[in-house]
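Take a look at the structure below.
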Protein chains: 2
Amino acid sequence: MLKLSCNVTDHIHNLFSNSRRIFVPVHRQTRPISCFQLKKEPLRAILSADHGNSSVRVADTVSGTSPADRLRFGRLMEDGFSYKEKFIVRSYEVGINKTATIETIANLLQEVACNHVQNVGFSTDGFATTLTMRKLHLIWVTARMHIEIYKYPAWSDVVEIETWCQSEGRIGTRRDWILKDCATGEVIGRATSKWVMMNQDTRRLQRVTDEVRDEYLVFCPPEPRLAFPEENNSSLKKIPKLEDPAQYSMLGLKPRRADLDMNQHVNNVTYIGWVLESIPQEIIDTHELKVITLDYRRECQQDDIVDSLTTSETPNEVVSKLTGTNGSTTSSKREHNESHFLHILRLSENGQEINRGRTQWRKKSSR
Amino acid sequence: MLKLSCNVTDHIHNLFSNSRRIFVPVHRQTRPISCFQLKKEPLRAILSADHGNSSVRVADTVSGTSPADRLRFGRLMEDGFSYKEKFIVRSYEVGINKTATIETIANLLQEVACNHVQNVGFSTDGFATTLTMRKLHLIWVTARMHIEIYKYPAWSDVVEIETWCQSEGRIGTRRDWILKDCATGEVIGRATSKWVMMNQDTRRLQRVTDEVRDEYLVFCPPEPRLAFPEENNSSLKKIPKLEDPAQYSMLGLKPRRADLDMNQHVNNVTYIGWVLESIPQEIIDTHELKVITLDYRRECQQDDIVDSLTTSETPNEVVSKLTGTNGSTTSSKREHNESHFLHILRLSENGQEINRGRTQWRKKSSR
């Protein structure tokens with residue numbers, strides 16, 4: 001789907017905990033052909049007409065063939081493993097404080113990921129599927145999203161986003177991002193995500209076979225490369241279940257028509273907005289979101305009614321020691337003026353968990 | 001505000017009906033200086049640093065000074081009166097049918113309008129105010145928006161949007177748009193809007209003084225230029241009040257945090273989504289929106305709860321004769337397979353009218 005849905009059912013926890021049983025062990029095959037050949041091989045059958053002549057685009061030139069090629073400032077890096085694209089933040093993508101909303105950031109992460117996979121030759125329908133996946137009606141769905149924003153870009157700011165994907169154990173794939181402010185070169189954010197494979201017809205998660213793995217591994221860095229290389233970083237941290245009663249809640253949220261994607265399911269960025277709905281207004285007024293982690297556990301349909309619950313996270317549950325790299329503003333002790341929350345999105349009808357989340361907020365700087 | 005709010009109170013109808021009493025007659029001044037001088041004169045004091053050296057941008061070059069200048073494919077036309085910009089439709093801006101949503105179209109109209117007024121030197125805060133307006137705490141607010149889409153662009157399609165503004169009687173201003181598919185040059189949409197001036201502190205509408213008028217008229221075409229030049233076209237047609245009981249309704253809509261703009265009011269594009277909420281599902285499944293007209297009558301605040309009501313419009317109320325120009329697909333008789341609706345958005349609490357609308361839908365082509 002063009003708006004990627006977040007369709008992970010409760011099966012995911014079984015999958016993670018029982019992966020030995022469910023997944024056959026797969027090994028990265030060593031194939032005696034060059035990187036270039038590897039990249040070209042799976043492209044042929046699935047390249048779109050628009051992109052057949054421009055899998056490597058050059059920024060600041062008009063070398064492409066379609067109007068989008070001439071306008072898009074995106075390109076695959078020389079190593080063939082990561083993709084960078086520049087975006088101007090549009091007027092309608094900023095909110096209070098005149099800066100991009102977290103939904104805008106999440107949307108841009110999705111856009112650059114879609115353009116990356118389309119650029120290297122996966123399906124152009126937004127599902128980012130390989131040839132084998134399409135044959136078997138398999139799609140990628142989000143299992144976890146973790147975003148850290150150190151400085152929010154403003155209207156007309158240009159953001160360069162780099163992204164790459166890699167294998168995530170035997171479960172699925174991982175996609176990472178680094179966001180830079182083009183005017184200064186400063187790293188303004190990082191993100192990572194986990195993806196699993198789902199059968200589009202049965203809506204059940206499915207193991208990643210060797211065949212599918214071989215199709216995407218050629219586009220992944222041969223050595224692991226992590227946007228959050230710090231040990232014990234918060235992107236990895238388990239999110240505990242929020243206990244009833246929650247401190248703050250917004251009940252009865254309904255999907256709007258624009259929240260639904262091609263697959264008629266609620267788009268994963270909508271969940272971020274729903275989490276924000278139950279953040280206390282005083283936090284919205286005085287703080288800005290620094291970190292958000294979401295575990296996607298269940299699909300949400302058009303007629304579902306959703307409750308958003310939030311509770312402050314007590315300090316001893318918070319990651320207390322982070323060492324900064326990659327431009328991160330994390331520090332060795334918990335910063336003053338921060339607020340931490342746990343979140344749950346659940347079906348109003350039966351309390352089934354759709355989404356579990358954690359957010360960290362920092363005091364807004366005075367402007 | 002960066003997301004332009006739609007803050008027109010019930011005063012607007014008094015203003016329109018009593019304009020002789022409320023407005024002093026103003027005349028376009030004839031000033032014996034060249035167009036270039038006229039354009040430069042009011043710029044000096046209010047240009048932002050970013051745009052001081054690039055009020056005329058050239059597409060497909062890297063002549064600008066900021067990263068946004070180098071990436072933005074927008075430019076003021078040679079006559080100084082209209083502004084064109086190209087946009088790639090992003091993956092997160094398309095919905096069902098893989099084409100841009102009407103909200104995306106409305107957002108892009110807003111973006112190109114903001115970039116136009118910023119380019120010629122109005123305020124860069126999204127309010128598009130002149131120097132005098134800022135001194136007096138006046139802002140522009142939407143009174144009417146009329147959009148016709150003949151063909152929806154898809155993900156990665158490039159749309160070129162031309163926009164210009166002009167005086168609208170003695171009431172306020174009018175802004176028009178023409179949308180083209182860059183790949184074919186085909187006109188794929190047209191739009192027009194009416195804007196009135198509101199005092200930001202009192203929230204009351206205010207007459208346009210000679211001083212303000214002089215500040216913006218230099219950027220308006222000297223002869224009227226209309227996106228809908230057809231006589232008796234539907235952009236002008238009064239929208240009757242929808243009678244209770246409505247055929248279709250979606251009650252209890254709540255603004256989300258992301259719906260609020262810098263001014264803490266619901267953004268005008270949100271109203272479009274709310275109108276769509278009460279369209280019957282069978283129409284959403286089988287038709288696509290062809291025309292939408294919205295009269296903005298009242299501000300909506302964060303805590304307001306809104307009801308969206310829809311009723312089919314009977315044929316004899318529908319504009320029955322339109323002659324096509326500018327690439328319009330309108331025809332001399334009401335087309336088969338069309339559906340027409342009247343809409344109202346109102347406060348749940350007291351029934352006060354926020355917004356009155358009309359939509360026309362055409363059968364989706366089979367894909």
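A few notes on this one:
- Bridgeable aspartates and glutamates around B:K180 (alpha carbons under 15 Å apart, same-chain partners fewer than 8 residues away excluded): B:E85, B:E148, B:D157, B:E160, B:E162.
- The gain in end-to-end length when the B:K254 to B:E186 segment is fully stretched comes to 20.6 nm, 0.36 nm per residue minus the alpha carbon separation.
- Calculated label separations, A:L251, copies of the chain, 7 Å along the beta-carbon direction, nm: 1.7
- Shielding value for B:81-88 is 2, the average number of Cβ atoms from other chains within 10 Å of each residue's Cβ.
- Fewest-first ranking of A:F81, A:F341, using other Cβ atoms within 10 Å as the exposure measure: A:F81, A:F341
- For B:L347 and A:R207, a Förster radius of 45 Å and the Cβ-Cβ distance give a FRET efficiency of 0.30, rounded to the nearest 0.05.
- Cross-link pairs A:K86/B:K84; B:K241/B:K363; A:K151/A:K241; A:K194/B:K98 - those with Cα-Cα distance over 23 Å: B:K241/B:K363; A:K151/A:K241; A:K194/B:K98
- Ascending list, in nanometres, of distances separating the B:D201 label from those of the other copies (7 Å, Cα toward Cβ): 6.8
- For region B:344-358, backbone phi angles converted through the Karplus equation (6.51, -1.76, 1.60; θ = phi - 60°) give residue-by-residue couplings of 9, 10, 9, 5, 4, 5, 9, x, 4, 7, 9, 7, 10, x, 9 Hz, Gly and Pro being listed as x.
- Rounded to the nearest 20 debye, dipole of region A:69-228 from Cβ charges on Lys, Arg, Asp, Glu: 380
- Taking the axis that rotates chain A onto chain B, the chain A residue nearest to it by Cβ, with the distance rounded to whole Å, is A:G252, 4.
- Eigen-decomposition of the gyration tensor built on the alpha-carbon atoms of region B:69-228 gives equivalent ellipsoid semi-axes of 28, 16, 15 angstrom, largest listed first.
- Size descriptors for region A:179-302, from the alpha-carbon set: Rg then Dmax equal 18.4, 51 Å.
- Amide hydrogen neighbours beyond the local backbone of B:H287, cut-off 5 Å, H modeled: B:K364
- Loop-resident GluC sites (Glu not before Pro) (DSSP state other than H, G, I, E or B) in region A:232-318 with no more than 15 further Cβ atoms inside 10 Å of their Cβ: A:E243.
- Distances between copies of B:E231, taken at a point 7 Å out from Cα along the Cα→Cβ vector and listed shortest first: 8.3 nm.
- Mean partner shielding of peptide A:107-116, defined as the number of other chain Cβ atoms within 10 Å of each residue Cβ, is 3.
- Set of region A:225-257 residues, backbone N closer than 17 Å to the point 7 Å along the Cα-Cβ line of B:Q302: A:248-251
- Burial ordering of A:V218, A:V266, fewest other beta-carbon atoms within 10 Å first: A:V218, A:V266
No value in this document is a laboratory result; all are computed from the given coordinates. Quantities reported herein were computed from a predicted structural model and do not represent experimental measurements. Methodologically, a virtual Cβ is constructed for each residue, glycine included, from the backbone with ideal geometry; neighbour enumeration extends over all protein chains shown.
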